[in-house]
Amino acid sequence: MHYALAPRTFVFSHYFYTGLRIATGVVGLSCLTYAFADLRTAMAVAMGALCTSLMDMPSPLRHKFNEMLAAVLLCSLVALLISLCSPVPWLLRTVIVLVSFLASMMVVYGRKAMPLQFAALFVMMLSAEEAATPLQALRHGALFLAGGAGYMAYAMAVVWTLQRRLKQQVLAEALYELASYTNLKANCYDIATPLPSQLEKLVRQQSVLAERQQASRDLILRGKPGPDETSLVQVHYAMFDLYEVVLSTHTDYALLRRHFAEGPTGGPVLELLGDLIGKAARDIESVAYAMTRNRPSRRVVDYQDDLRRLAEVLRTLPSNDEDDKTREAQAVLRATSNKIRETIGMIARLHAASRAPHGALPITPGADLTPFLTQQRYSIGLLLSNLRWSSPTFRFALRVAMAISAGLLLSEWLPYQSHGYWTALTIAVILKPSFSMTRQRRADRLVGTLIGCVLTAIILRFVHAPAILFGFLFVATAAGPTFLYIKYRYTAIAASMQALLLIGLTLPHGASAINERLLDTLLGTLIATFFSYVLPSWEYQALPRLIDAVLDANRKYVDAAADLLLGRSVDDFHYRVRRKGFMDSLANLSAALGRMLDEPAAKRRAPEALNRFTVQNYLLVAHVAAVRLLLQRYAEHMPRAQVEAALEQTFAELRARLGMAAPGGEAPPRERSGPAAPWAGWVPLQRRLKLLHQDAEQVTQARAALDEAPGRRG
């Protein structure tokens, strides 16, 4: 379950704060306007505030200003244009098709542009409901602009005042996802859980974690931190150091399972390791929990008994076993014990950082953090370059324009009094760029609308006092944005209640609107379902590009890792940038794979090979991280020349494997010399380097399997 859905964390999440802020702004502006004007004026102002609120998402202040200003100007222009065209039916339909197409083309700018696309469609449908004279259209546009600008000023003031609180909440969310990631690792020691499926879950969670970590970077690292934000920066950097330690431990499960699943100490050892990692996950969660409450965190988990038992198990391991496999498994168990202790130590750093409001910032003065931050660019050239038949965005825009046009036409022929904009809004809500998202929205919209209509019917049946109805309207307005990104079905319930409560307040005898909304939603769902198969862009069509991006990022990461481990880099800045790029590309491929599995079976291409390719790339990152930490752990008395020679040879082999023109070729012969000096790190290092070579080989084989899969290029 998503952390924000749990009762103990819900009211402290930024999702709840956002919903509360939006409801207060929209309903507050509406009531304020109604106090000085009529209801029609108040509703026009509320419409402007509501459309602008769709862009009120957690963002850096400058980005938020740009996003909300774009919503105010664009939606006001659409409202004015549609109102001016409303008296002429053929002109209105033409403009609706054009606006639908252009608004949907905006998704080319990424996920943050999707709310703006919907806002433009939303105001377009509401403005097209009634014909207006030119004077009425100008008045409607002016009121809409006033509502949007008023909400923008209110939201910017609130977020500026509470920006530290927002940073806390977004950082806490990244910590919650890191805790979930760590907890999945604990399940890898459970022999009842198939290891391949657990690794798949780890890769999926890695995608979610990468997204939340990026949101944390964008808010915390952008600009100069204030005097009261020092602890947030420290916790942020401690989180990433902890993440690298946790990442490096995701590599030895198969060997530990084979050798310690049975026997006098076997089963308890694996259970003990899982318990320790599970406690570490709860410990990380406690840091996030305290941060959302604006409190310093302190350790609430006791590891001592488990660590003592683990130490006893390690002491009882036979030291004279001549079986190489057994000795290797014992060495891995000891290394895993060390990593668990490092993880616990890193979590202690997290706790300490949350209690150090004025410590030194872990940022090199003058460091350019731009490569780590999301850049907001909205060039017209990108939009124009996608005005081509092969562009998925162009096809999506055509699909939306055709579906909305069909919905408006069909609603005019229905035997009952249809609200055409409800049908069109249902289409706009359901139709998304990917089939997977469309399918999920379709189910949530249907179920949510049904529940919302039933709840509203009960409320309107027994509640007649306007003040109480306004209270329900406030709750529905708050719930919509609160659950938009974590449980859309609840948002659909809230949206239905919001619309029907507004009708109940303005039209006391509008109970029939509930039945009409159900019918219009069903019609819109059927139309959206049909058009989801029109001009489709299936996920497998983008897979070659995503796979090549992963391989390219992989090569760059290996080069950066080689520079760092061989001492050619003065610090790990370049390494962290390349690791972020590699993880981002891997997350994109993993997300595409997940969406493809929701598509019709005939449109899936080699899901097993794709999953293997993704997991093996993930393991390669984990092994590189493990090598780095191993060299840090055994830095004392390290024979630098011999170690660098071994690393040079391994990275040369990795480059040869990952950079081959044709998958399946042979790598250069491996000639690895034995240890030239007594050093405790030789055996674990040689094992890691061997695993790195195997990873690269597995990546190459998985790539070859993908190239041979039917329809790979089709």
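The values are calculated or read from the model by the stated rules, or taken from the named source; none is laboratory data. Computed from a predicted model, the values in this text were never measured in an experiment. No Cβ is skipped: glycine too gets one built from the backbone with ideal geometry, and neighbour counts run over all protein chains shown.
Okay, residues lined up against (1) of a type in the set (Val, Ile, Thr); (2) in contact with a helix residue (DSSP H, G or I) (Cβ under 9 Å, 6 or more places away or on another chain):
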residue	(1), (2)
Ile82	yes, yes
Pro89	no, no
Val97	yes, yes
Met105	no, yes
Lys112	no, yes
Phe122	no, yes
Ala146	no, yes
Met152	no, yes
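Quick check: is even one residue across the range 34-51 farther than 21 Å from Leu145 by Cβ, surrounded by fewer than 23 Cβ atoms within 10 Å (Cβ to Cβ) and not assigned by TED's automatic domain parsing to the domain that holds Thr491? Within the range 34-51, not a single residue is farther than 21 Å from Leu145 by Cβ, surrounded by fewer than 23 Cβ atoms within 10 Å (Cβ to Cβ) and not assigned by TED's automatic domain parsing to the domain that holds Thr491.
Among the helices (runs of 4 or more DSSP H) confined to the range 374-452, the ones with at least 3 residues that are of a type outside the set (A, V, I, L, M) and more than 30 Å from Leu597 (Cβ to Cβ) are located at 392-412, 420-430.
Within the range 81-100, if we keep just the residues that are touching a residue at least 60 places away in the same chain (Cβ under 8 Å) and either in contact with a strand residue (DSSP E or B) (Cβ under 7 Å, 6 or more places away or on another chain) or surrounded by 19 or more Cβ atoms within 10 Å (Cβ to Cβ) (or both), the residue that is nearest to Leu162 (Cα to Cα) turns out to be Ser100. Looking only at the range 612-637, residues that are of a type outside the set (A, V, I, L, M) and assigned to a loop (DSSP other than H, G, I, E, B) come to 3 in all. On inspection, Ser104 passes the criterion of being modelled with pLDDT of 90 or more and under 23 Å from the mean Cα position of the chain (by Cα). Residues that are outside any helix (DSSP H, G or I) and touching a residue at least 60 places away in the same chain (Cβ under 8 Å) were ranked within the range 101-131; the one that is nearest to Asn588 (Cα to Cα) is Ala128. Restricting attention to the range 597-633, the residues being touching a Leu at 6+ places or on another chain (Cβ under 8 Å), over 30 Å from Ser569 (Cβ atoms) and of a type in the set (A, V, I, L, M) number 3.
Of all residue pairs spaced 6 or more apart or on separate chains, those with beta-carbon atoms under 9 Å, a first member in the range 163-192 that is of a type in the set (Phe, Trp, Tyr) and a second member that is surrounded by fewer than 19 Cβ atoms within 10 Å (Cβ to Cβ) and not in a helix (DSSP H, G or I) are Tyr176/His2.
This table checks each residue for (1) of a type in the set (A, V, I, L, M); (2) under 18 Å from His2 (Cα atoms); (3) surrounded by fewer than 20 Cβ atoms within 10 Å (Cβ to Cβ).
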{"site": "Leu202", "(1), (2), (3)": "yes, yes, no"}
{"site": "Thr230", "(1), (2), (3)": "no, no, yes"}
{"site": "Leu255", "(1), (2), (3)": "yes, no, yes"}
{"site": "Glu271", "(1), (2), (3)": "no, no, yes"}
{"site": "Ala280", "(1), (2), (3)": "yes, no, no"}
{"site": "Val287", "(1), (2), (3)": "yes, yes, no"}
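In the range 289-335, the qualifying residues are those that are of a type in the set (Val, Ile, Thr) and modelled with pLDDT of 85 or more, and the one that is surrounded by the fewest Cβ atoms within 10 Å (Cβ to Cβ) is Val300. The residue that is nearest to the chain's Cα centre (by Cα), counting only those in the range 152-179 that are of a type in the set (Gly, Ala, Ser) and under 19 Å from Arg217 (Cβ atoms), is Ala174. Using the structure shown, decide if Lys201 is without any contact (Cβ under 8 Å) to a residue 60 or more places away in the chain and within 23 Å of the chain's Cα centre (by Cα). So Lys201 fits the description; yes.
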